[in-house]
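Below: the structure, in structure tokens.
The values are calculated or read from the model by the stated rules, or taken from the named source; none is laboratory data. On a predicted model such as this, the values are computed, not experimentally measured, just so you know. Ideal geometry is used to build each Cβ from the backbone, glycine not excepted, and the neighbour counts take in all protein chains shown.
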Amino acid sequence: MPYCKDAGAGEILTRPRRIVSAGLTPALCATLLKPVERGHGWETKGFFGGFNRGFEALRRVYRNSVRASVRHGLRMLVLYALLVGGMAYGFVQLPGAFLPDEDQGLMFVSVSTPANASQERTLAVLQQTEDYFLNSERDVVGSIFTVAGFSFGGSGQNAGIAFIQLKDWSLRTAAESHVAAVAERAMMALYAIKDAEIFAFAPPAVLELGNSSGFELQLEDRAGLGHEALINARNQLLGMAAEDPRLIAVRPEGLEDTPQFNLSIDHEKASALGLSLTDINTTLSTAWGSAYVNDFLENGRVKKVYVQADAPYRMQPDDLKRWEVRNSAGEMVPFATIMDSFWTYGPPQIERYNGTPSSKIVGSAAPGVSSGEAMAVMEELAARLPAGIGISWTGLSYEERLAGSQASALYAISILVVFLCLAALYESWSVPFAVMLVVPLGVLGAVAAVLLRGLPNDIYFQVGLLTTIGLTAKNAILIVEFAKELYDRGRSLKGAVIEAAHQRLRPILMTSLAFILGVLPLAIASGAGSGAQNAIGVGVMGGMISATVLAIFFVPVFFVLIQRWFGKSPKRVSVRED
């Protein structure tokens, strides 16, 4: 439903529900619900009888506890301050992240053989990789598809990649069958292949935001130091990252520098011999590449004609000396008279980011370390690089940084909206404080639950935290609204809040218990999508437990203290029952 609201479909689908709830439900209640005798439905025997007696005993204990809490309001405030301080400390200790890693039943293996290695060597390494997964990991691997000449880092005869499809999640219930465990074992096993650099990794939770899970950055030459300085800084950063136990599989994503054959044309000599630079470049590109010239018909089909030098005459660098180019006088001039050639090393492709030369680096956090902590480590290491070299986060890491900077504003806006709605409901600026002051108690439970499970502060936890804020306020409203009504009818302040807490205990516990049991499957989920389900389920469940257990004692205290300090005289009202 939320995904189609922007298109108007959600609004169309929710209108019938609004009409039914606002117009038909009261009429149906008046028609179907009949008056019952006092005590009707109060079972005294069997399971329900025992439950009712036990619950009544619990209500009596709770009533006495609320009376004691209200009597010692200042002590409760001290306890509240300690709980809020613990909540703040725990929230700061939460490691940061953006999205949890998911087992999507898919993983990649990137293969890079030495520069200028033949494709046969790359194919041999890919075959070894395929044999490992089909033999050593046959219990979890469903299929594998390898490609030579291509990887996420670029194209070339020394590049290769393998796509591994794992078996269904129902057949991989053990922890060692998770995609992260499979990738870790593959890294250890394939490390023995000395003829190539091999990295096994899982895709990110959102495929559109990168090629691998973990972090992703661009190392930038912001001062124009040159390609060699950039590569030296990259190697320095990779060396420091390899020594840090909080990081694993930190690697460059791109092709290494390769030997390149450079041609230097003597423009003055070429001009003196009547040669134009256009004719020289055209001849070179046609002979060593190809050139489209025209079409011809064969069996009723149009086919293209390309011109290219015969293979024996374009295989070696010395073959260039045999080629000639026609000058303006119609004479043939050998390339050897106008050209010098030499070998150098250089990048097979030029990378730029933010308008500066760059080199892409990817990596992952070690087990037990969040992506936010790993990114902080990389920033610390990058600060040690020479001046003029910097980093910029890209892909999923960029989104994580962006989301982290907006979280505080979202929390503040959410709390402000809830407060304004309550102020409009009660027509008071003081009463909503009794509701909003219990919000940290719900956040306390969410933070504690996430810390105990070892989960990070990611986007799903933040969504769950906003949900917890609303649910915590809902529990407080059940008591505050009833207490305010009794207070306006003439009950004493303490008597009204104690009676309200006593009467509203059952609906608070029942609705909270129903919600907690409802999110329990999310908190204990496994398999596909379990990362997101655990992230949101654990936080919401913990927040709801603490909001229920603690708020029922603190809300009466807050209501009494705020009414004493800031509240106005109650508006005495009389209620007529039809």
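The residue that is nearest to the chain's Cα centre (by Cα), among those in the range 220-274 that are of a type in the set (Val, Ile, Thr) and under 18 Å from ILE391 (Cβ atoms), is VAL250. Could you list, ordered by first residue, the pairs with Cβ atoms under 7 Å in which the first is in the range 434-447 and touching a residue at least 24 places away in the same chain (Cβ under 8 Å) and not assigned by the TED database to the domain that holds PRO556 and the second is of a type in the set (A, V, I, L, M, F, W, C) and surrounded by 24 or more Cβ atoms within 10 Å (Cβ to Cβ), at least 6 apart or interchain? Filtered contacts from the range 434-447: no entries. Residue under question is ARG314, and the condition is that it be surrounded by 12 or more Cβ atoms within 10 Å (Cβ to Cβ), within 27 Å of ALA115 (Cα to Cα) and of a type in the set (Lys, Arg); does it hold? Yes: the conditions hold for ARG314.
Counting only residues that are among the hydroxyl-bearing types (Ser, Thr, Tyr) and either modelled with pLDDT under 85 or not in a loop (DSSP other than H, G, I, E, B) (or both), which one in the range 101-149 is nearest to GLN533 (Cα to Cα)? Applying the filter and picking the extreme gives SER143.
Contact map, the range 535-546: residues that are surrounded by 23 or more Cβ atoms within 10 Å (Cβ to Cβ) paired with residues that are charged (D, E, K, R) and outside any helix (DSSP H, G or I), Cβ distance under 7 Å, separation 6+ or inter-chain. Pairs shown: ALA535/ASP458.
Residues of the range 378-400 that are among the charged types (D, E, K, R) and assigned to a helix (DSSP H, G or I): GLU379, GLU380, GLU399, GLU400. Only helices (runs of 4 or more DSSP H) whose full extent lies in the range 1-85 are considered here, and the ones with at least 2 residues that are modelled with pLDDT of 75 or more and closer than 30 Å to LYS494 by Cα are 46-71.
For the range 542-556, the condition holds for no residue, the condition being that it is modelled with pLDDT under 85, among the aromatic types (Phe, Trp, Tyr) and under 26 Å from GLU56 (Cα atoms). Summed over the range 511-541, residues that are of a type in the set (A, V, I, L, M, F, W, C), at pLDDT below 85 and either assigned to a helix (DSSP H, G or I) or touching a Leu at 6+ places or on another chain (Cβ under 7 Å) (or both) total 1. Restricting ILE415, ILE479 to residues that are assigned to a helix (DSSP H, G or I), among the β-branched types (Val, Ile, Thr) and outside the structural domain of GLY85 (by the TED database) narrows the list to ILE415. Residue selection: GLY368 satisfies the criterion of being under 18 Å from the mean Cα position of the chain (by Cα) and either at pLDDT below 85 or charged (D, E, K, R) (or both).
The range 290-352 holds strands (runs of 3 or more DSSP E) entirely within its bounds, and those carrying 2 or more residues that are under 30 Å from GLU228 (Cβ atoms) map to 339-346.
Consider GLY86 carefully, then state whether it is surrounded by 14 or more Cβ atoms within 10 Å (Cβ to Cβ), closer than 30 Å to VAL555 by Cα and either touching a residue at least 24 places away in the same chain (Cβ under 8 Å) or β-branched (Val, Ile, Thr) (or both). Judged against the criteria, GLY86 is a match. The listed residues are ALA448, ALA409, ALA403, ALA434, and the only one of them that is exposed (fewer than 14 other Cβ atoms within 10 Å of the Cβ), in a helix (DSSP H, G or I) and small (Gly, Ala, Ser) turns out to be ALA409. Scan the range 280-291 and tell me whether some residue there is surrounded by 14 or more Cβ atoms within 10 Å (Cβ to Cβ) and among the aromatic types (Phe, Trp, Tyr). Yes - at least one qualifying residue is present in the range 280-291.
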